[in-house]
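Here is the structure we will look at, set down as structure tokens.
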Amino acid sequence: MGRLSRRALAVAAVATLSGLATAGDGAASPGPASPGAASPGRARAARELRGMWLATVSNRDWPSSPGLPAGQQRAELLDHLDTAVRLRLNTVILQVRPTADALWPSPYEPWSQYLTGVQGKDPGWDPLGTAVREAHARGLELHAWFNPYRVAGHTDPTRLAPSHPARRHPDWVVRYGGKLYYDPGLPQVRKFVQTAMLDAVRKYKIDAVHWDDYFYPYPVAGQVFDDDATYAAHGAGFSSKAAWRRDNIDRLVLEMAARIKEIRPGTRFGISPFGVWRNATTDPLGSPTKAGVQTYDHLYADTRKWVREHWIDYICPQLYWNIGFTAADYARLLPWWAKVAEGTGTQLYIGEALYKAGDPAQPAAWQDPAELSRHLTFARGWPQVRGHAFFSGAEVAADRIDAMARVVADHYQQPAKPPR
């Protein structure tokens, strides 16, 4: 698929760890798993999320390359918004803080290098402000997508802008897996990253704050995330380092949710985690999966609790596997998430792997243009599912085997407003 996204890399790593890339995992016959499920032709409710992610990290989706003139950057952004309208989508999830930087004039963090090629250099315009204004003018919601703790895709702090907080506070930073991260266990880090993100909430009428699947980083074989000193200083009273790490992330989520509502009550808070909380073989409350990464155990993100206790307004698990995939079957994971969300008040959307459609490295099911459409047909059997988001913008525009066109023809013949 050309340039690999952070999601593609993460999912590939998980596939290796869990043995997901096994032969013979073809698509099973799709169909609802519960009585009374909707038929393919049944009209969808008037309100559903129809979203696409627009990734800026490593210039995956936008801008197409760093250093473009401001006018060309703006034109490319508007093209993506127009594509969303043309396909009858209603939400764009724009990555505005990919690596402890900013796609708006922030007093806390430097301008993103993915705009100009030089971190900290003013691009001469306000991408987030433009995106909010132009999305709303087209009837689209704009969800601002932030990554809380990732600092850089390398381990050399001297490559960061001189003003970067990670250079001013080197004690905040952990080197791990060839990258730099803020240490989630430091209270001052937790407060800072919230404040940096909330600057955008104060300045712009964004419709939602959106986080993805990075909390503590994905495990890297043979490496240790070195937070022993932080645990010694702040971990008293916890039964284990794992319990303490989960509490750190819980606090981040709870505090951010409260602060968003204080600053801009109409702005929602949503999270898009990796699709497996825990395997049922690990925990009887878990899903019927065999994933090598579990968010509860490896990313220290108790995503199920956040839904059950309604700490967040929506969850959009990345169910990036085909129907019938042995280790993580879409048709078994979706009902599990529907049951988790049922009666909680937390809305459930499903993250869809459009980037896999037509990729020759993927299983046979992903060579079928109808695979994603079958996902949406299947999801109609669970009223808890309030929509879908597609990863990501480059694939939405290119649609290499017309998988997105099939989704639109089968499911998006009429416009729909996002859920509220």
Does the stretch 264-281 contain any residue that is buried (at least 21 other Cβ atoms within 10 Å of the Cβ) and assigned to a helix (DSSP H, G or I)?
no
Only one of 171, 199, 213 is among the charged types (D, E, K, R) and within 17 Å of residue 298 (Cβ to Cβ); which?
213
Residues 229, 200, 196: which one is in contact with a helix residue (DSSP H, G or I) (Cβ under 7 Å, 6 or more places away or on another chain) and part of a helix (DSSP H, G or I)?
200
Just checking, does the stretch 298-320 include any residue being in a loop (DSSP other than H, G, I, E, B) and basic (Lys, Arg)?
no
Hey, among the residues in the stretch 342-369 that are open to solvent by 10 Å² or more (accessible area, probe 1.4 Å) and of a type in the set (A, V, I, L, M), which one's nearest to the chain's Cα centre (by Cα)?
361
A careful count of residues in the stretch 75-90 that are of a type in the set (D, E, K, R) and in contact (Cβ under 8 Å) with a residue 40 or more places away in the chain gives 3
Of the numbered conditions (1) closer than 15 Å to residue 354 by Cα; (2) without any contact (Cβ under 8 Å) to a residue 40 or more places away in the chain, residue 390 fails exactly one; give the number of that condition.
(2)
Pairs needed: first member in the stretch 403-420, over 20 Å from residue 136 (Cβ atoms); second member anywhere, in a loop (DSSP other than H, G, I, E, B); C-beta distance under 6 Å; at least 6 residues apart or different chains.
403/357; 403/369; 405/399; 406/369; 406/370; 408/87; 412/88
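Given 115, 128, 142, which one is of a type in the set (A, V, I, L, M), closer than 23 Å to residue 270 by Cβ and assigned to a helix (DSSP H, G or I)? So that I can check it myself, show each step before the final result.
On the way: 115 fails: closer than 23 Å to residue 270 by Cβ; 142 fails: assigned to a helix (DSSP H, G or I).
Testing whether each residue is of a type in the set (A, V, I, L, M), closer than 23 Å to residue 270 by Cβ and assigned to a helix (DSSP H, G or I) leaves just 128.
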Please pick out the residue among 88, 133 that is surrounded by fewer than 16 Cβ atoms within 10 Å (Cβ to Cβ), over 22 Å from residue 160 (Cβ atoms) and touching a helix residue (DSSP H, G or I) at 6+ places or on another chain (Cβ under 7 Å).
88
Hey, does the stretch 324-331 have a residue that's more than 16 Å from the chain's Cα centre (by Cα) and in a helix (DSSP H, G or I)?
yes
I'd like the full set of residues that are outside any helix (DSSP H, G or I) and farther than 21 Å from residue 387 by Cβ, limited to the stretch 352-368.
358, 359, 360, 361, 362, 363, 368
State yes or no: is residue 143 at pLDDT 95 or above and surrounded by fewer than 20 Cβ atoms within 10 Å (Cβ to Cβ)?
no
The condition of being touching a helix residue (DSSP H, G or I) at 6+ places or on another chain (Cβ under 9 Å) and either modelled with pLDDT under 95 or polar (S, T, N, Q) (or both) holds, among 281, 289, only for 289
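Please tell me if residue 94 is assigned to a loop (DSSP other than H, G, I, E, B) and of a type in the set (A, V, I, L, M, F, W, C).
Values: assigned to a loop (DSSP other than H, G, I, E, B): no; of a type in the set (A, V, I, L, M, F, W, C): yes.
Here the answer is no, as residue 94 does not meet what is asked.
Can you pull out the residues in the stretch 318-336 that are touching a strand residue (DSSP E or B) at 6+ places or on another chain (Cβ under 6 Å) and open to solvent by less than 10 Å² (accessible area, probe 1.4 Å)?
318, 319, 333
Among the residues of the stretch 91-108 satisfying the criterion of being open to solvent by 10 Å² or more (accessible area, probe 1.4 Å) and in contact (Cβ under 8 Å) with a residue 40 or more places away in the chain, which is nearest to residue 67 (Cα to Cα)? Talk me through it step by step, then tell me what you get.
Step one: filter the stretch 91-108 for residues open to solvent by 10 Å² or more (accessible area, probe 1.4 Å), giving 105-108.
In the following step, the residues that additionally are in contact (Cβ under 8 Å) with a residue 40 or more places away in the chain were identified as 106-108.
Numbers: 106: 19, 107: 22, 108: 22 Å.
Checking each candidate, the answer is 106.
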Here are some conditions: (1) part of a strand (DSSP E or B); (2) without any contact (Cβ under 8 Å) to a residue 60 or more places away in the chain; (3) out of contact with any Ser or Thr (no Cβ under 6 Å at 6 or more places or on another chain). Residue 171 meets all but one. Which one does it not meet?
(1)
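Name the residue that is farthest from residue 82 (Cα to Cα), counting only residues in the stretch 110-128 that are within 21 Å of the chain's Cα centre (by Cα) and open to solvent by 10 Å² or more (accessible area, probe 1.4 Å).
The initial filter retains those residues of the stretch 110-128 that are within 21 Å of the chain's Cα centre (by Cα), namely 112-115, 127-128.
Subset that is open to solvent by 10 Å² or more (accessible area, probe 1.4 Å): 113-114.
Working: 113: 25, 114: 22 Å.
Among residues in the stretch 110-128 that are within 21 Å of the chain's Cα centre (by Cα) and open to solvent by 10 Å² or more (accessible area, probe 1.4 Å), the one farthest from residue 82 (Cα to Cα) is 113.
The values are calculated or read from the model by the stated rules, or taken from the named source; none is laboratory data. Everything quoted here is computed from the prediction, not taken from an experiment. Glycine also receives a Cβ, built like all others from the backbone with ideal geometry; neighbour counts cover every protein chain displayed. Accessible surface areas use protein heavy atoms only, side chains included; no ligands, DNA or RNA. Shrake-Rupley method; radii C 1.70, N 1.55, O 1.52, S 1.80 Å.
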